[in-house]
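Colleague: First the structure, then my questions, so here it is.
Computed from the coordinates by the stated procedures, all read-outs in this text should not be read as laboratory data. As the structure is a computational prediction, the values presented were derived from the model and not from experiment. Note that each Cβ is placed from the backbone with ideal geometry, even for glycine, and that neighbours are counted across all protein chains shown.
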Amino acid sequence: MANRKSYAELRQDVAARYPSGHTSSGVSVDDIVQLKLQNTYDTHLDVARDMATVMRGDMAAYDADPSKFTQSLGCWSGFHAQQMIKSVKRLRGTAKGTYVYLSGWMVAGLRNRWGHLPDQSMHEKTAVADLIHEIYVSLRQADEVALNDLFKTLKAATTEAERAQAIEAIDNFESHVVPIIADIDAGFGNEHATYLLAKELIKAGACCLQIENQVSDAKQCGHQDGKVTVPREDFIEKLRACRLAFEELGVDDGVIVARTDSLGAGLTQKVPVSQQPGDLASQYIKWLKTEQITEENPIREGELALYQGGEFVKPVRLANGLFPFRENTGRARVIEDCVASLKDGGADLLWIETDTPNVDEIAGMVAEIRKEVPNAKLTYNNSPSFNWTLNLRKQVRSQWLAEGKISESDYPDGNELMKADYDDTDLGREADQRLQRFQTDISARAGVFHNLITLPTFHLTAKSMDELSHGYFGDDKMLAYVKTVQRQEIRRGISAVKHQHEVGSDLGDTFKEMVGGERALKAGGHANTMNQFAAE
């Protein structure tokens, strides 16, 4: 939290205004100080400004030491984000290096008013800003609840040593607020529409915007077929739109992630106009699939012709008006996309959408990009669209065969490798070890600054509800809930087991005391069943 005053500084400020120790209406100086400290951010635009600075610091730390990569999980509610950050703080003692990923896929699938929709920008665009706002409301409320507990300890202190210790804990409190990387899809329209939406996302708290080089009106999920990219000049204009939105709102350190889907995108919607040899348009056009113009295949009325390599050729055009690229050109187009986004578009980070998780493949592309932009860094999607178990086992099998460690008959080829029979084999264990190292390897070898999983809470919710439902509606009944949920919450130290406290019941009691004193009707008395968890 930037420029946050200490307890002593704030108390001195407030006491100077109210030397008697309370306002004319009887509100105590101590209560005012507590509320000021619990309000960790005044506005979500302040959040965006502060978190942009945090991200810039993390990027500099990664440049100095690639082991210091950052991570996030995609969250489709404020509660998911809140519980993730609480868990990380419990594990590490800090949330530094942890972000929240806001997935456009999950907004489309789970958080819009029009039902469960595919990731094709069909949902209302305001839902994206609404979710960013909700996440930061939840994270800021986690701050309030935690600080209220610390102030309870301060009020209960009976010695100067205990009081000093309590104040130190308040001053050293680390906010649950962390950076959000927000998916703005392809901008939901033209460059002006992109700018307008970007402003709304930033005002909701986003310090980082991720935008992809697909056509807005034909946008597809990065792991589906039928993706259509835009010419690089068009994409650069949208990158500029995002930058102008950050600048206008005073988020000077705002971060832009430029995503390319070209590895799996074989189509474009239009042929850009080249102004001179070697410009961005000509670099894009050169990859189009073309046909020779001959007597047997003449140029016809309404067809286009391109002058390439000293002759006129026809770009292939599909019935829907789209132009296909030549096969097996995706990798080269990705490298050119990335260089243009960094050098001409002013992007800060790259995102290369791949069809499999392969460290060598990504490292090879990044090595090419870094010939032009040495400090190029990536955000990488550790996607649930990959069958991680099968992919890694196939990679191990292929490598071991090439090295002569195994024969073709030792392990099957294809989907049979997915079977549980191979979990406790040499190959299964090696694949799992590579999974455990994957993010470390890709960050060290392939310039990945940020590792994320786009849709984990979608799949986690589905799996957890299936697990509980099977037991509860099956033979285990109440044991299913206690064994799979509550007992685990207690033993893992998950604060949500005290669900009343988690949503601010004690916070409400404190405020009632502030304004009502002994008249306060509190919920946290001896009859509150949450006391059953007090010893946990």
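Colleague: Taking the Cα centre of the chain as the origin, how large is its charge dipole in debye, to the nearest 20, when only Lys and Arg (+1) and Asp and Glu (-1) carry charge on their Cβ atoms? Could the numbers behind the result be given before it?
Modeller: Details: 61 positive and 78 negative charges, 192 e Å.
My answer is approximately 920 debye.
Colleague: Tally the DSSP beta bridges in the chain and give the antiparallel ones as a percent, rounded to 5. Could you put the intermediate results ahead of the total?
Modeller: Numbers: 11 of 41 bridges.
For the chain, the DSSP antiparallel bridge percentage is about 25.
Colleague: Taking every Cα atom in region 145-270, find the radius of gyration and the maximum pairwise distance Dmax, and write them in Å.
Modeller: Just the Cα atoms of region 145-270 yield Rg and Dmax of 22.3, 75 Å.
Colleague: When Y18, Y136 are ordered from fewest to most other Cβ atoms inside 10 Å of their Cβ, what list results? Walk me through the intermediate numbers first.
Modeller: Details: Y18 14, Y136 26.
With the sparsest Cβ surroundings first, the list reads Y18, Y136.
Colleague: Something else now. Compute the acute angle (0 to 90°) between the alpha-carbon long axis of helix 330-343 and the principal axis of greatest extent of the alpha-carbon atoms of the chain; round to the nearest 10°.
Modeller: With rounding to tens, the tilt is 60 degrees.
Colleague: If each residue's Cβ is checked for other Cβ atoms within 10 Å, how do I85, I453 rank with the fewest at the top?
Modeller: Working: I85 24, I453 19.
By the 10 Å Cβ count, ascending, the order reads I453, I85.
Colleague: What does the C-alpha gyration tensor say about the overall shape of region 225-381? Classify as rounded when a/c is under 1.5, otherwise prolate if a/b is larger than b/c, or oblate. Walk me through the intermediate numbers first.
Modeller: On the way: a/c = 2.22, a/b = 1.71, b/c = 1.30.
In terms of gyration-tensor shape, prolate.
Colleague: For a 28 Å ceiling on Cα separation, which of these pairs sit above it: K199/K463; K89/K463; K314/K371; K238/K289? It would help to have the intermediate numbers written out before the result.
Modeller: Numbers: K199/K463 36 Å; K89/K463 25 Å; K314/K371 33 Å; K238/K289 26 Å.
Pairs exceeding 28 Å: K199/K463; K314/K371.
Colleague: Here is a follow-up. List, in order, the whole-Hz ³J(HN,Hα) value for each residue of region 354-365 obtained from phi through the Karplus relation with A = 6.51, B = -1.76, C = 1.60 and θ = phi - 60°; use x for Gly and Pro.
Modeller: My calculation for region 354-365 gives 10, 9, 9, x, 10, 4, 4, 4, 5, 4, x, 5 Hz in order.
Colleague: Sorting check: for 159-168, 327-336, 199-208, which peptide has the highest mean count of neighbouring beta carbons within 10 Å, and how do the rest follow?
Modeller: Values: 159-168: 12.9, 327-336: 17.7, 199-208: 25.6.
Going by the mean number of other Cβ atoms within 10 Å, highest first, we get 199-208, 327-336, 159-168.
Colleague: Would you mind checking which residues have amide H under 5 Å from L378's amide H? H placed 1.01 Å from N; only 5 or more apart, or other chain.
Modeller: HN-HN under 5 Å from L378: L350, V448, F449, H450.
Colleague: From the backbone phi of region 258-267, what are the Karplus-calculated ³J(HN,Hα) couplings (6.51 cos²θ - 1.76 cosθ + 1.60, θ = phi - 60°) in whole Hz, Gly and Pro given as x?
Modeller: Rounded to whole hertz, the list is 9, 9, 10, 9, 5, 4, x, 9, x, 9.
Colleague: Return the subset of K155/K203; K5/K152; K86/K343 for which the Cα-Cα distance in this structure is over 28 Å, preserving the input order.
Modeller: Flagged as over cut-off: K155/K203; K86/K343.
Colleague: By count of other Cβ within 10 Å, fewest leading, how are M418, M51 ordered? Mind showing how you got there, number by number?
Modeller: Working: M418 14, M51 27.
Exposure proxy ranking, most exposed first: M418, M51.
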